[in-house]
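Down below is the structure, laid out as structure tokens.
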Amino acid sequence: GAKGLLFVLDSTDRLRVHEAKQELFDLLAEEKLREALLVVLANKQDQPNSMSAQEVSDALTLTDIGNTRLWFVQPTSALRGEGVAEVLDWVLANLRATGRPPP
């Protein structure tokens, strides 16, 4: 199965966040993603109306995942290249910590 799932969310699109939540939970239910780490990239943080990482976590109800998998929400701006290095650092550190070295 996959070692990780990077889920990119437009953090300015508050109207479709519930649709994104359904898509995310459908993906997480797939057998090949059963043990995958989850990183949600809360993109478009360069926009003034973007949701914070906490707002994204709440809107996606990530606490419902509980202790069943490791997850992390990272504020990003693809336009400015911000937050991407932190995502890679988190994924690599947690793959190593869980005994699943990166490919």
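Laid out as a table, the results:
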read-out: Among the residues listed as Leu33, Leu62, Leu28, the single one being touching a Lys or Arg at 6+ places or on another chain (Cβ under 8 Å) and of a type in the set (A, V, I, L, M); value: Leu28
read-out: Matching residues, region 60-85, being in contact with a strand residue (DSSP E or B) (Cβ under 9 Å, 6 or more places away or on another chain) and closer than 19 Å to Glu19 by Cα; value: Leu60, Leu62, Ile65, Val73
read-out: Filtered residue count, region 32-47, keeping only those that are at pLDDT 95 or above, part of a loop (DSSP other than H, G, I, E, B) and of a type outside the set (D, E, K, R); value: 2
read-out: Whichever residue in region 1-17 is more than 15 Å from the chain's Cα centre (by Cα) and at pLDDT 95 or above and, among such residues, is nearest to Met51 (Cα to Cα); value: Thr12
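The values are calculated or read from the model by the stated rules, or taken from the named source; none is laboratory data. Being a predicted model, the structure only gives us computed values, none of them experimental. Virtual Cβ from ideal backbone geometry, glycine too; neighbours counted across all protein chains shown.
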